[in-house]
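Here the structure comes first, spelled out in structure tokens, and everything after it is commentary.
The values are calculated or read from the model by the stated rules, or taken from the named source; none is laboratory data. Given the structure is predicted, the values throughout are model-derived calculations rather than measurements. Cβ placement follows ideal geometry from the backbone for every residue including glycine, while neighbour counts extend to all protein chains displayed.
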Ligand code: ZN
Ligand code: ZN
Ligand code: FE
């Protein structure tokens, strides 16, 4: 006889790991048990030596992404093999994220004689909705929105049978007993139900209609991606002139549209099924389609169908626009009341169903470095939430995040539970969503931390929210939080030099920071260099009117006589006056705004209709130009002076050099500034560790150029991988600094 204890770590929750172990045990005639512990899964197996060895071998060869630590233990009395229920303080280890439809269920979905053929809510223990339907923990059917549906006899049998792959699949259902589809007109008139609703919806999509479709984490607005008229109609109705739309398609269509590396393909097909930003192919055939979907952008966001309903739609339509079903910047709609209320001016029809969405979730967005497995995350939501990020933070704490792209987080026993994306808290509706989500997460985690952290910005809604609810609040400066979030993720110590570049954050001196070089040493942050301050005439409006920032920067460096002709149509003289008089023109060191200014000067983007539009267009322009030259700059007394940069750049404009050339040179300049400052700072502060943080680094052309240069000089580079490097990630930094 042999008896072993196996400790399992890794992402195995909600993936049918325990039933798999159970079946393996039965197959190999071993006894013992499997159970969740707070941190992972514990297995004890006992039997003849060959049976136990064979069990272990098969376990290690299984498809689960897990680590197994195995040790021999004394034999005890076990009559059979059991799946033990989790104890109350262990229920958090069963707090699963939503999973895309698995291969086996997909096969059944399209098998004519299967009783779940064309059932839009098919799932098993390896796939299906999870977090989106959970009302409270433990994760049991009665605590999900599936509690309203009574399983039929056959479904119940499967659910109870440990050898069935629907054993304890909480959302289990079939055509007879599961949720149902309904198709409505925008006037809330019921048109058809079940299969007819589906076929009706497909017909409407083929006709170029816009549909609101209830998905996993909320409604999508949906139309034929290849029907430009429909896409433009959706743009008009959604008041979204140029912000890219993500699409959903099968892999084959995705491959005909975009270049897909093996890493990107694996990500697309993963059970998390995020939107992956992929490089468009150069294609005459798709040029106008691309222009309608994502203008001035070399990438297109594509995701694979993840809900069975999506598979049914994509079977009939090669590609669908699938954009969040919300009113401009508000939260994604999750129920019929919200959808009919907010989307009836946009959607012609509603394809909906009667399974309630408990937790609102947008689609997550990721992007890869070219031909690399290196991935960055732009939005962390469906598929990732509520999976925690492991940290070494010791205290339990709440961190409020930032205002612009909010994710908040709770730290519980070193696990950082980041919330789903809750959007821009300037919007009242988002603030309500924020409050709801905080309360829900608090009850899921059964946690009530006494300590909290938030941004130091006195005007942030998130900061005010937290002040009114916590006595013990730590106000953390925005850019230190960005840096700390990287440090928390990678568990960094010692002296570290950080480059934190973003759009805006409240700085220690009250100015708007956004181009900071920060030293971390002896548990202290110190800004050691920054981009030269310039004015933002009109304040926030500069985020849209890039030309204003351009004029302001030229004025600062005495270059307004070189203002390019195409910017003279604006009231540039007023801007010069505002800059001179320092009226309503706050100071900033924002690199994000410098990108805006260059986009305006080159004529690439004078006015933006959404955040980062100018930077994305500039990046797209740079990609088509393969030069390594850069403009001049100087760094003196900790100030990065851009006068040489703008002087030379204006000369290039005067000589009518192509915008792509200027853009590439500009990107290279920013990369060179970082390399130069890293070399100086690295020597002075005795460090080889470089942190890159802030939304500016979501620019892959820039990130790639910076990494190449820094690696060349032998630096170690760290940036956010598991969480967004934009403001969505600062909550983790806030928590890290408080604890
Ligand atoms: Zn499945
Ligand atoms: Zn059933
Ligand atoms: Fe930021």
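Across region 148-157, the qualifying residues are those that are touching a residue at least 12 places away in the same chain (Cβ under 8 Å) and either surrounded by fewer than 18 Cβ atoms within 10 Å (Cβ to Cβ) or more than 16 Å from ligand 1 (Cβ to nearest atom) (or both), and the one among them that is farthest from residue 114 (Cα to Cα) is 148.
Per-residue answers, yes or no, for (1) under 28 Å from the mean Cα position of the chain (by Cα); (2) part of a helix (DSSP H, G or I); (3) surrounded by 19 or more Cβ atoms within 10 Å (Cβ to Cβ):
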| site | (1), (2), (3) |
| --- | --- |
| 599 | yes, yes, yes |
| 604 | yes, no, yes |
| 609 | yes, no, no |
| 646 | no, yes, yes |
| 662 | no, yes, yes |
| 666 | yes, yes, yes |
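As a summary of the residue check, residue 703 satisfies the conditions (1) touching a residue at least 24 places away in the same chain (Cβ under 8 Å); (2) away from ligand 3 (no atom under 16 Å from the Cβ); (3) in a helix (DSSP H, G or I) except for the one numbered (2).
Out of 116, 130, one residue alone is buried (at least 20 other Cβ atoms within 10 Å of the Cβ) and touching a helix residue (DSSP H, G or I) at 6+ places or on another chain (Cβ under 6 Å). It is 116. Being within 26 Å of the chain's Cα centre (by Cα) and exposed (fewer than 15 other Cβ atoms within 10 Å of the Cβ) is a property that residue 65 has.
Tallying residues that are closer than 19 Å to residue 310 by Cβ and over 18 Å from the mean Cα position of the chain (by Cα) within region 261-291 yields 0. Of all residues in region 371-416, those that are assigned to a strand (DSSP E or B), touching a strand residue (DSSP E or B) at 6+ places or on another chain (Cβ under 7 Å) and surrounded by fewer than 24 Cβ atoms within 10 Å (Cβ to Cβ) total 8. Only a single item in (1) touching a helix residue (DSSP H, G or I) at 6+ places or on another chain (Cβ under 7 Å); (2) more than 22 Å from residue 560 (Cβ to Cβ) is not met by residue 659, and it is number (2). Checking the structure you have, find out if any residue of region 88-109 is free of Cβ contacts under 8 Å to residues at least 12 places away in the same chain and closer than 25 Å to residue 273 by Cβ. The answer is yes, given that some residue of region 88-109 is free of Cβ contacts under 8 Å to residues at least 12 places away in the same chain and closer than 25 Å to residue 273 by Cβ.
With respect to the stated conditions, residue 256 is surrounded by fewer than 21 Cβ atoms within 10 Å (Cβ to Cβ), more than 30 Å from residue 131 (Cβ to Cβ) and free of Cβ contacts under 8 Å to residues at least 60 places away in the same chain. Here residue 107 passes the criteria (1) within 30 Å of residue 418 (Cβ to Cβ); (2) within 16 Å of ligand 1 (Cβ to nearest atom) except the one numbered (1). Taken over region 22-57, the criterion of being surrounded by 21 or more Cβ atoms within 10 Å (Cβ to Cβ), more than 14 Å from residue 73 (Cβ to Cβ) and over 34 Å from the mean Cα position of the chain (by Cα) is satisfied by 25, 28, 55. Across region 472-486, what is the number of residues that are closer than 20 Å to residue 394 by Cβ and surrounded by fewer than 23 Cβ atoms within 10 Å (Cβ to Cβ)? Looking only at that region, the number is 3.
A count restricted to region 358-402 and to residues that are more than 26 Å from residue 306 (Cα to Cα) and touching a residue at least 60 places away in the same chain (Cβ under 8 Å) stands at 11.
Looking at residue 121, is it more than 24 Å from residue 24 (Cβ to Cβ), within 16 Å of ligand 1 (Cβ to nearest atom) and in contact with a helix residue (DSSP H, G or I) (Cβ under 9 Å, 6 or more places away or on another chain)? The answer is yes for residue 121.
For region 225-239, enumerate the residues that are part of a loop (DSSP other than H, G, I, E, B) and surrounded by 16 or more Cβ atoms within 10 Å (Cβ to Cβ).
225, 226, 227
Put simply, of 188, 214, 238, 206 the only residue that is in contact (Cβ under 8 Å) with a residue 60 or more places away in the chain, in contact with a strand residue (DSSP E or B) (Cβ under 9 Å, 6 or more places away or on another chain) and over 30 Å from residue 437 (Cα atoms) is 206.
Of everything in region 386-406, what is within 24 Å of residue 128 (Cβ to Cβ) and either touching a helix residue (DSSP H, G or I) at 6+ places or on another chain (Cβ under 6 Å) or within 16 Å of ligand 2 (Cβ to nearest atom) (or both)? Give them in sequence order. The one that is within 24 Å of residue 128 (Cβ to Cβ) and either touching a helix residue (DSSP H, G or I) at 6+ places or on another chain (Cβ under 6 Å) or within 16 Å of ligand 2 (Cβ to nearest atom) (or both): 386. Every test in (1) under 20 Å from residue 641 (Cα atoms); (2) in contact with a strand residue (DSSP E or B) (Cβ under 7 Å, 6 or more places away or on another chain) is passed by residue 486 save one, and that test is (1).
Residues being more than 16 Å from ligand 3 (Cβ to nearest atom) and either over 27 Å from the mean Cα position of the chain (by Cα) or within 19 Å of residue 614 (Cβ to Cβ) (or both) are entirely absent from region 719-737. Candidates in region 679-698 are the residues that are within 29 Å of the chain's Cα centre (by Cα) and assigned to a helix (DSSP H, G or I); of these, the one that is surrounded by the fewest Cβ atoms within 10 Å (Cβ to Cβ) is 698. Annotation note: of 161, 195, the sole residue that is within 16 Å of ligand 1 (Cβ to nearest atom) and either surrounded by fewer than 21 Cβ atoms within 10 Å (Cβ to Cβ) or modelled with pLDDT of 95 or more (or both) is 161.
Residue check: residue 279 meets all listed conditions (1) surrounded by 22 or more Cβ atoms within 10 Å (Cβ to Cβ); (2) assigned to a strand (DSSP E or B) but one, namely (1).
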